[in-house]
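Structure record follows, encoded as structure tokens.
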């Protein structure tokens, strides 16, 4: 059974980072072949068809790891690696998607859809470094997933992914409370 892509991290770049599941224990690569990245791009809502070969997949995974390196360092209070910042900046400089009104609807176009997708992802990652967004970056204590806290009070702790990290913690606390009550 293959794991489906989740889009619960609150940000395009964080959703791409999440295509490596459980980075700390036994990492699972969800973008192992080019067709998987094509599926991810489509599931992420990009309308233009993006054709991926092994070289382009390697570039997408390189961007993903650069974004992870930068955002994980920021979360840890460390200085992000200069090479990762440079990679994000290089991708972000490329032309992104452009809105066009065609046949009564807005469509997003670009000369090179692949580069536009990666430029959009890189720009998203860089915007997470702004002061107002950086304070809402989180790491799930259950699965280590990075996410952007969009809750009103800004106190979300869990990833709310299919792995159910927050739910498992609540169940544990509930059982512990009842265990203590039963033993008294």
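A few points about this structure:
- Only listed residue being touching a helix residue (DSSP H, G or I) at 6+ places or on another chain (Cβ under 7 Å), within 19 Å of residue 68 (Cβ to Cβ) and either buried (at least 16 other Cβ atoms within 10 Å of the Cβ) or at pLDDT below 90 (or both), chosen from 165, 140: 140
- Consider the range 97-114 and keep the residues that are out of contact with any helix residue (DSSP H, G or I) (no Cβ under 7 Å at 6 or more places or on another chain) and in contact (Cβ under 8 Å) with a residue 24 or more places away in the chain. The one that is nearest to residue 17 (Cα to Cα) is 113.
- Residue 9 meets the stated requirement of being under 13 Å from the mean Cα position of the chain (by Cα), in contact (Cβ under 8 Å) with a residue 12 or more places away in the chain and in a loop (DSSP other than H, G, I, E, B).
- Selection count, the range 26-56, where residues are closer than 24 Å to residue 144 by Cα and in contact with a helix residue (DSSP H, G or I) (Cβ under 6 Å, 6 or more places away or on another chain): 3
- The number of residues in the range 144-159 that are out of contact with any strand residue (DSSP E or B) (no Cβ under 8 Å at 6 or more places or on another chain), touching a residue at least 60 places away in the same chain (Cβ under 8 Å) and surrounded by 14 or more Cβ atoms within 10 Å (Cβ to Cβ) comes to 1.
- Those residues of the range 43-91 which are surrounded by 17 or more Cβ atoms within 10 Å (Cβ to Cβ) and not in a helix (DSSP H, G or I), in sequence order: 46, 50, 52, 80
- The range 29-42, residues that are without any contact (Cβ under 8 Å) to a residue 60 or more places away in the chain and surrounded by 15 or more Cβ atoms within 10 Å (Cβ to Cβ): 30, 31, 34, 36, 37, 38, 39, 40
- The residue that is modelled with the lowest pLDDT, among those in the range 92-102 that are exposed (fewer than 15 other Cβ atoms within 10 Å of the Cβ) and in a loop (DSSP other than H, G, I, E, B), is 95.
The values are calculated or read from the model by the stated rules, or taken from the named source; none is laboratory data. Here the structure is a predicted model, which means the values were calculated and not measured. Reconstructed Cβ throughout: ideal geometry from the backbone, glycine too, with neighbour counts over all protein chains shown.
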